[in-house]
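*Asks:* Dumping the structure here so I can ask a few things about it.
The values are calculated or read from the model by the stated rules, or taken from the named source; none is laboratory data. Here the structure is a predicted model, which means the values were calculated and not measured. Every residue, glycine as well, gets a Cβ built from its backbone with ideal geometry; the counts of neighbours run over all protein chains shown.
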Amino acid sequence: MRFSMLTASACALIAVAATSAEAQTTLTIGTVNNSDMIRMQGLTPEFEKAHPDIKVNWVTLEENILRQRVTTDIATGGGQFDVMTIGTYEVPIWAKQEWLKPLDGLGDGYDMDDLIPAIRSALSSDGKLYAAPFYAESVLTLYRKDLFEKAGLTMPEKPTWDFIAEAAEKVTDKDAGIYGICLRGKPGWGENMAFLGNMAREFGANYFDADWKPQFESEGWKKAVTLYVDLMQKYGPPGAASNGFNENLQLFGQGKCGMWMDASVAASFVTDPKQSQVPDKVGFAPAPCGVEGCPNDGFNWLWAWSLAIPNSSQKAEAAQTFISWATSKEYLELVAEKEGWANVPPGTRTSLYENSKYTEAAPFAEATLNAIQHADPSPTDDKPYYGLQFAAIPEFQGIGTAVGQQMAAALSGSATVDQALKQSQAIAEREMSRAGYPK
Amino acid sequence: MARNVTTGRKIGTTILAWFVGLVIFFPILWTFLTSFKTELQAISIPPVFVGFDWTLENYRTIQTQSNYFHFMANSIYLSLGSTALGLIFAIPAAWAMAFSPTKRTKDVLLWMLSTKMLPAVGVLIPIYLLFVRFGLLDSRLGLIVVLFLINLPIIVWMLYTYFKEIPGEILEAARMDGASLGKEITQVLAPMAVPGIASTILLNVILSWNEAFWTLNLTTSNAAPLTAFIASFSSPQGNFYAKLSAASMLAIAPILIVGWFSQKQLVRGLTFGAVK
């Protein structure tokens, strides 16, 4: 036994000592596990063939672990990652902290003007691009065309929440296991608050007013949350307070939901016969509106998984070469050639939506483009922060998650809507004054 | 009559034991079954138990997406390395505390254990900064040291309890016969404590194998063990349960096999000293 122990420790030490000499640049890329990213990993040999001096090393992690991992590394200057996958929430904050390198060497053929303006602006700071969009999403109403027909309903071009409430009631058939509406309930700033932040905007309310005062007790939030809780308790699936994107995706894919409002990327999953039992019965509509002329026509959601270079990376030049390849028009064509047009990462380039091969292969293309184009996250007179379904300030993660827990309590019935909103307002006010707002 | 009751009770206890065993084993069984389903079958309601088309697709996908053996080799290095390092320090420490206790021995033991009460994330940034400074990020050596340190209190405690059961007179006799300190520990004490040491090794290998905070936060690719391998198959958007189950099965397979073959040692070690 002692002999094997000694051998093992000796092996371990030898293995550590044997560092290989590097003849080429090795890029370490941190990313999340989703189908578009996995596809990119599969196509990496094509990149390495074109750039023999660069080798790519992938580190795939679960979203929350990746966020924690990358934040630790970047804040301590660890330099473990040369390219990292981050979202539209991080980019404005990190660019301001000077944690990211501006992407100014993407090459002449990159065609930056082809990037969809809303996305480009979400990833820029002071006119400089700090992250290149890999795929982007907004919000859509997905509904079951067959169930609507059976109930004698027609989805309007621009649905209102009044219509959605009526439709939810008519479509629900709990004996048959069909719930009129499925929405996110799992607490978290990127979970239920992404949906509720969007819904509150549909009723004309923001997270903070121009003086950074939290708005959870405003009329808009009250109306939105009251309706949300009411609809979900009457027509939603049981245990909705623990449902996130994936849980709703499963419910909808099994034909148990009449309607589902969520990230537009859901459309590509529920129309895929390999992942859904109702691939040809899904219709797409804009997100519903709560008031006349609601901001952004209800499209109050913009997210883009993007590639950025941390300031601590020593291999910025090679990293830019990779980012330029992965977010180029040529990459989209490469995916189309190998995997078909329906699998091309959506939402980043205008030219993709002008390509008839893509619009034919992806029935949700038009609805997605429409949603993304309308979602403008820039600050306005009554909204001092960047972002729609989130507020791009460092304090938002904590506030969003604490408020999300209050909303889940209201949804599960352990608190009333008024109590939950009052509590939320108190939490947010405390956090904001502690952080020194208004700044 | 009396014999009947005994048989009845025997059957009852057997059924109860099997039931409890099954309840404990069920999550692993379910993971095993799920790993052979398609993503759609994995989430279907009502759940399918065995009546589905068994497929190896998930295992194939996992092999093409990542290099399992690289992660497994790292897990083996880390768990064996940290355990070996732990024993080198813990055996003398436990020997000292078991056979020449002072009035502060109990306090020292308790203080060692108290280091386990600090949540790991509380020292993440300091440790990370040290790793940056010493260039240990994503290195096996750095992780072996960290895993060794976090498991050291448990190793010392376990060995201390086992050593306490060995009569000090035997060591004294060895000393009388002229055994040096090294010989006393390696040739007299260690052979007598083999079951205890074996179960300490096994428990620590399992603990290091399963450690998922430091191994995820201090590695990227070179030193990443199976915990990082599993974490790469969870997805924020999309169905992933079948693939995640397959990844989990692959990750626990080596330790399950080792545990199976050494269960006698493990049980003997854990009950060692229970009956005098």
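*Asks:* Quickly run through the stretch A:56-69 and pick out the residues that are more than 8 Å from chain B (Cβ to nearest Cβ) and crowded, with 24+ Cβ neighbours inside 10 Å.
*Replies:* Answer for the stretch A:56-69, where residues must be more than 8 Å from chain B (Cβ to nearest Cβ) and crowded, with 24+ Cβ neighbours inside 10 Å: just A:Leu66.
*Asks:* When B:Arg268 is evaluated against the numbered criteria (1) at pLDDT 85 or above; (2) in a helix (DSSP H, G or I); (3) not small (Gly, Ala, Ser), which criterion, by number, is the only one it fails?
*Replies:* Only one criterion is unmet by B:Arg268, namely (1).
*Asks:* Could you list, in sequence order, all residues of the stretch A:181-192 that are at pLDDT below 95 and not in a loop (DSSP other than H, G, I, E, B)?
*Replies:* A:Asn192 - this is the single residue of the stretch A:181-192 that is at pLDDT below 95 and not in a loop (DSSP other than H, G, I, E, B).
*Asks:* Are there any pairs, at least 6 apart or on different chains, whose C-beta atoms fall under 8 Å, with the first in the stretch A:335-350 and outside any loop (DSSP other than H, G, I, E, B) and the second aromatic (Phe, Trp, Tyr), and if so, which?
*Replies:* A:Ala336/A:Tyr358; A:Trp341/A:Tyr358
*Asks:* Among the residues of the stretch A:14-24, are any surrounded by fewer than 20 Cβ atoms within 10 Å (Cβ to Cβ), at pLDDT 50 or above, assigned to a helix (DSSP H, G or I) and more than 7 Å from chain B (Cβ to nearest Cβ)?
*Replies:* No: the stretch A:14-24 contains no residue that is surrounded by fewer than 20 Cβ atoms within 10 Å (Cβ to Cβ), at pLDDT 50 or above, assigned to a helix (DSSP H, G or I) and more than 7 Å from chain B (Cβ to nearest Cβ).
*Asks:* Within the stretch A:79-97, identify whether any single residue is within 12 Å of chain B (Cβ to nearest Cβ), farther than 16 Å from A:Thr321 by Cα and either more than 19 Å from the chain's Cα centre (by Cα) or charged (D, E, K, R) (or both), and answer yes or no.
*Replies:* Yes, some residue in the stretch A:79-97 is within 12 Å of chain B (Cβ to nearest Cβ), farther than 16 Å from A:Thr321 by Cα and either more than 19 Å from the chain's Cα centre (by Cα) or charged (D, E, K, R) (or both).
*Asks:* Looking only at the stretch A:227-282, count every residue that is touching a Lys or Arg at 6+ places or on another chain (Cβ under 8 Å) and within 14 Å of chain B (Cβ to nearest Cβ) and tell me the total.
*Replies:* Counting residues in the stretch A:227-282 that are touching a Lys or Arg at 6+ places or on another chain (Cβ under 8 Å) and within 14 Å of chain B (Cβ to nearest Cβ) gives 10.
*Asks:* Here's a follow-up. If I filter the stretch B:193-208 for residues that are in a loop (DSSP other than H, G, I, E, B), more than 10 Å from chain A (Cβ to nearest Cβ), within 16 Å of the chain's Cα centre (by Cα) and within 25 Å of B:Ile76 (Cβ to Cβ), do I get at least one hit?
*Replies:* Checked against the condition, which is being in a loop (DSSP other than H, G, I, E, B), more than 10 Å from chain A (Cβ to nearest Cβ), within 16 Å of the chain's Cα centre (by Cα) and within 25 Å of B:Ile76 (Cβ to Cβ), the stretch B:193-208 yields no hits at all.
*Asks:* Turning to a different aspect of this structure: I need the full set of residues from the stretch B:132-182 which are within 14 Å of chain A (Cβ to nearest Cβ), assigned to a helix (DSSP H, G or I) and not aliphatic (A, V, I, L, M), in order please.
*Replies:* Passing the criteria: B:Arg133, B:Phe134, B:Arg140, B:Gly142, B:Phe148, B:Gly182.
*Asks:* Condition test on A:Ile372, is it modelled with pLDDT of 90 or more and within 30 Å of A:Gly436 (Cβ to Cβ)?
*Replies:* No.
*Asks:* How many residues are modelled with pLDDT of 95 or more and assigned to a strand (DSSP E or B) when one looks only at the stretch A:309-334?
*Replies:* 0
*Asks:* Just to be sure before I move on: is A:Asp418 more than 20 Å from the chain's Cα centre (by Cα) and within 17 Å of A:Ala200 (Cβ to Cβ) in the structure I sent?
*Replies:* Judged against the criteria, A:Asp418 is a match.
*Asks:* Out of A:Trp260, A:Trp301, A:Trp212, I need the residue that is assigned to a strand (DSSP E or B), modelled with pLDDT of 90 or more and not aliphatic (A, V, I, L, M). Which one?
*Replies:* A:Trp260
*Asks:* Tell me whether the stretch A:226-233 contains one or more residues that are touching a helix residue (DSSP H, G or I) at 6+ places or on another chain (Cβ under 8 Å), under 23 Å from A:Asp146 (Cα atoms) and at pLDDT 95 or above.
*Replies:* Yes, the conditions are met somewhere in the stretch A:226-233.
*Asks:* So, in the stretch A:31-55, exactly how many residues are part of a strand (DSSP E or B), farther than 22 Å from A:Glu137 by Cα and either within 11 Å of chain B (Cβ to nearest Cβ) or not aliphatic (A, V, I, L, M) (or both)?
*Replies:* The number of residues fulfilling the criteria is 1.
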